[in-house]
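What follows is calculated from the coordinates using simple rules that are stated; it is not laboratory data. What you are looking at is a predicted structure, and each value in this text was computed from that prediction instead of being measured. Because the Cβ atoms are built from the backbone with ideal geometry, glycine has one as well, and the counts that use them run over all protein chains shown.
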Amino acid sequence: MGKRIAKEVSIAIAEAVKQCRVDVIAAYPITPQTHIVEHLSELVANGELDAEYITVESEHSAISACLGSVATGARTFTSTASQGLALMHEILFIAPALRLPVVMVVANRALSAPISIWNDHGDIMAERDIGWIQTFAENGQEAVDLVYHAFRVAEDRRVMFPAIVNIDGFTLSHMIEPIELPDQEQVDRYLPPFRPRYKLDPRKPLSMGPVGIPEIYTEAKKAQDEAFKNAYKVILKAWDEFEEVFGRRYRPVETYRMEDAEVALLIMGSLAETAMTAVDRMREAGKRVGLVRLRLWRPFPLRDFVKAVKGLKVLAVIDRALSPGATGGPVGTEVRSALYQVPGRPRVVNFIAGLGGRDVTVEDFEEMADRAYVYMKKKPKEPYEMIGVKE
Amino acid sequence: MIEVRLHGRGGQGAVTSAELIAVAAINQGKYAQAFPSFGPERRGAPVQAFVRVSEHPIRTREKIYFPDVVLVLDPSLPSIVRVTSGLKEDGWVILNSHKSEKELREMLGWQGKMAVVDATKIALEELGLPITNTTMLGAFLAATGLVDQGYLEEALEERFGRLAEKNKKALARAIKEIKIYQ
């Protein structure tokens, strides 16, 4: 078994990528992701990782190089954040449509303006519809574990979709904490070599990415959508296998103290740990509060989610991104829509918190749960509220 | 859970000190988090770093607002930064200074637990540089006993290789020369 060591989460992620025996890394440094690719470039330069590190002039080129690389059958990794992710935007849609399983870690950071290098989920929520598998890590251990899982799932022949592992910028990326890195032998057992059925090979020429005329575009998209939904089973299976090899169990939706809960907070990412502390405090005060955390965001784990919130009176969804002019934050609108057809559904209230690095404290979570209690009796006036605004 | 805030100047190794405390605590079987003040940092400017150490898994990602221990690496900082801000009443302020207890208490307006060592002098003599982060780790050990000296020395060895010896000497001198005012 691996050893428990103190590691900066970014460095641990780079070590995990190395253990996945990647062939190609193409990346452009951007705060707060830089330590990941910096460490990978060191590993390659020192001869500790036998891979091609492609230095590029922008994130647009980074992801383009990744697509070309994975199309030839090379295991490929990249990482970015914020404006860098936004610059990749037009290429991101192409990867899943061509079934190119790149793995990317996004160190989530706010988008400009105002310029902010700090954490929120604005960057990734702008990429909600790109068709990549998307997970959110709660802590350093999970960040590392999700990287092994991402390669395992993405490259599975039944899946063949790219995957993003989201880690909160700074809050996770720059944190030194205990992490257990597995032995290489375990990783090798979990992650077989990448063997795509079709790849770019001069000896067996084929075309990727031709024009989709109106007669076939819809069918191509339908096929992509079906395949993406089917990936769900493999995602679960890969977590089962993960447990067998590494001993840690992961599910698409996690719940905390949800037995008999009437109010629950729903969140994605590392703030769930702070929220748990808030839940403990409120439980001590006799309030029946629980916590739901989405680990898997795309494909959305609809059935598991509905099961997790059954019996609740109010679900308080905490968004870390704003969708101006919408009826809620991205997670809030998604969850309302998911529950609309469910009989006896809880009332969904939506809070926007923790934008651009604003700290969300235990007290903030308690306040949101308290407001949720108020909304148990009376409908909120607005579809969403922003928390912690200095007025 | 014990929360520590370190004050230094960019380039003095406050973040490294925070990391070394966390490494020692984790290798000792405890739980810990170490992190910088998130954001851009400039050489010479006042910076902060943070550590949490606990016997149990740490389940918070909040910033540290009310530290139990404040460790100040640079002697010029207490006059320009309120280093005791948020410090718990029964907390420790650990300073690098050659000043007297009275002078320091007047400057800080702090009546609680205080530990003082002239770390700049020790660092200059032992390392030949006014880099006080490892010396101040000795002061931190002497005042709080939060981690074992052996584990901290191991962390130093892992981090500094052959330079570790000098740093260990500086650390040991701080333990010996520290003045503790309860």
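Where both residues lie in the range A:197-340, what percent of DSSP beta bridges are antiparallel, nearest 5? Show your work: numbers first, answer last.
Values: 4 of 13 bridges.
Bridges in the range A:197-340 that DSSP calls antiparallel: roughly 30 percent.
What value, in deg cm²/dmol to 500, does the helix sum -39500 (n - 2.57) over DSSP H runs of n ≥ 4 give at 222 nm once divided by the residues of the protein assembly as shown? Mind dumping the intermediate values first?
Values: 19 runs with 225 residues, N = 573.
Rounded to the nearest 500, the figure is -12000 deg cm²/dmol.
Could you give me the ³J(HN,Hα) list for the range A:194-201, computed from phi with Karplus coefficients 6.51, -1.76, 1.60 and θ = phi - 60°, whole Hz, x at Gly and Pro?
Once rounded to whole Hz, the list reads 6, 10, x, 5, 10, 8, 6, 8.
Anyone know which of A:Val292, A:Val306, A:Val144 comes out most mobile in the 10 Å Cα GNM of chain A?
Of A:Val292, A:Val306, A:Val144, the most mobile in the Gaussian network model is A:Val306.
Just to check I understand the Karplus step: with θ = phi - 60° and J = 6.51 cos²θ - 1.76 cosθ + 1.60, what whole-Hz values come out for the range A:374-379, glycine and proline as x?
4, 6, 5, 9, 9, 5
To the nearest 10 degrees, how steep is helix A:82-92 against the longest Cα principal axis of chain A, on a 0 to 90 scale?
With both axes taken from Cα atoms, the answer is about 60 degrees.
Helix A:59-71 versus the longest principal axis of chain A: what angle, 0 to 90°, nearest 10, using Cα atoms?
Result, in degrees: 60.
I need the semi-axes of the equivalent ellipsoid of chain B: take the C-alpha gyration tensor, multiply each eigenvalue by 5, square-root it, list largest first in whole angstrom. The partial results should precede the final answer.
Details: eigenvalues 90, 82, 51 Å².
They are 21, 20, 16 Å, listed from largest to smallest.
Within a 10 angstrom radius of each residue's Cβ in B:18-30, how many Cβ atoms of other chains show up on average? Whole number is fine.
Working: counts 1, 4, 2, 2, 7, 5, 1, 2, 8, 5, 0, 2, 1.
Per residue, the average neighbour count from other chains is 3.
Please state the charge dipole magnitude for the protein assembly as shown, taken about the Cα centre, from unit charges on C-beta atoms (+1 on K and R, -1 on D and E), reported in debye and rounded to the nearest 20.
Values: 73 positive and 76 negative charges, 249 e Å.
Approximately 1200 debye in magnitude.
Could you please state, rounded to a whole Å, how far the C-alpha centre of the range B:100-149 is from the C-alpha centre of the range A:254-295?
41 Å
In the range A:276-354, which trypsin sites (Lys or Arg not before Pro) fall in coil by DSSP and have 13 or fewer other Cβ atoms within 10 Å? Write out the running numbers ahead of the final one.
Numbers: sites: A:Arg281, A:Arg283, A:Lys287, A:Arg288, A:Arg293, A:Arg295, A:Arg303, A:Lys307, A:Lys310, A:Lys313, A:Arg320, A:Arg336, A:Arg347; in loops: A:Lys287, A:Arg288, A:Arg295, A:Lys310, A:Lys313, A:Arg320.
Loop-located and lightly packed - A:Lys310.
Enumerate the amide H contacts of B:Trp92 below 5 Å, restricted to partners 5 or more residues apart or on another chain; note that Pro and chain-start residues carry no placed amide H.
So B:Trp92 has HN proximity to B:Val69, B:Val70.
Could you derive backbone 3J(HN,Hα) for the range A:174-179 from the dihedral phi with the Karplus parameters 6.51, -1.76 and 1.60 (θ = phi - 60°), listing whole Hz in sequence and x where the residue is Gly or Pro?
For the range A:174-179, the Karplus-derived couplings read 9, 8, 9, 8, x, 9 Hz, x marking Gly and Pro.
Counting DSSP beta bridges with both partners in the range A:4-246, what percentage is antiparallel, nearest 5? Before the final figure, lay out the partial values.
Numbers: 5 of 25 bridges.
Antiparallel: roughly 20 percent of the beta bridges in the range A:4-246.
Applying a 10 Å radius around every beta-carbon, put A:21-27, A:353-359 in order of their mean neighbour count, most first. Walk me through the numbers on the way to the answer.
On the way: A:21-27: 22.9, A:353-359: 21.0.
In descending order of packing, they fall as A:21-27, A:353-359.
What whole-number distance in Å separates the alpha-carbon centres of the range A:5-59 and the range A:175-251?
20 Å
Relative to the first principal axis of the alpha-carbon coordinates of chain A, what is the inclination of helix A:140-154, with its axis defined by its Cα atoms, in degrees from 0 to 90 and to the nearest 10?
Result, in degrees: 50.
Would you pull out the residues with amide H under 5 Å of A:Met175's amide H, same chain only if 5 or more places away, H placed 1.01 Å from N?
Close amide H contacts, sequence-distant or interchain: A:Val9, A:Ser10.
Here are some pairs, A:Lys3/B:Lys30; A:Lys199/A:Lys229; B:Lys113/B:Lys169; A:Lys287/A:Lys313; A:Lys313/A:Lys378; B:Lys88/B:Lys113; which of them have Cα atoms lying more than 18 Å apart in this structure? Walk me through the numbers before you get to the answer.
On the way: A:Lys3/B:Lys30 14 Å; A:Lys199/A:Lys229 23 Å; B:Lys113/B:Lys169 26 Å; A:Lys287/A:Lys313 13 Å; A:Lys313/A:Lys378 12 Å; B:Lys88/B:Lys113 10 Å.
Correct reply: A:Lys199/A:Lys229; B:Lys113/B:Lys169.
Tell me the Rg and the Dmax, in Å, that the Cα atoms of the protein assembly as shown produce.
25.3, 86
Hey, can you rank A:43-52, B:151-160, A:228-237 by average C-beta count inside 10 Å, highest first?
Numbers: A:43-52: 14.0, B:151-160: 18.7, A:228-237: 16.8.
Order by mean packing, descending: B:151-160, A:228-237, A:43-52.
First select every other residue whose beta carbon is under 14 angstrom from the beta carbon of B:Gly39; then total the charges, Lys and Arg +1, Asp and Glu -1.
Numbers: positive: A:Arg109, A:Arg358, B:Arg42, B:Lys63; negative: A:Asp359, B:Glu41.
Around B:Gly39, the surrounding residues sum to +2.
In the range A:112-160, which trypsin sites (Lys or Arg not before Pro) are in a loop and have at most 14 other Cβ atoms within 10 Å, using DSSP for the loop call? The partial results should precede the final answer.
Values: sites: A:Arg128, A:Arg152, A:Arg157, A:Arg158; in loops: A:Arg128, A:Arg157, A:Arg158.
The qualifying sites are A:Arg157, A:Arg158.
Taking the alpha carbon gyration tensor of the range A:4-246, what are the square roots of 5 times its eigenvalues, largest first, to the nearest whole Å? List each step's numbers first, then the result.
Details: eigenvalues 138, 90, 64 Å².
Sorted largest first and rounded, they come to 26, 21, 18 Å.
Mind checking the range B:1-69 for GluC sites (Glu not before Pro) that DSSP puts in a loop (not H, G, I, E or B) and that have at most 11 other Cβ atoms within 10 Å?
On the way: sites: B:Glu3, B:Glu19, B:Glu41, B:Glu55, B:Glu62; in loops: B:Glu41, B:Glu55, B:Glu62.
Filter output for the range B:1-69: B:Glu55.
Name the residues whose placed amide hydrogens come within less than 5 Å of the amide hydrogen of A:Val348, ignoring near sequence neighbours (fewer than 5 apart) on the same chain.
So A:Val348 has HN proximity to A:Leu315.
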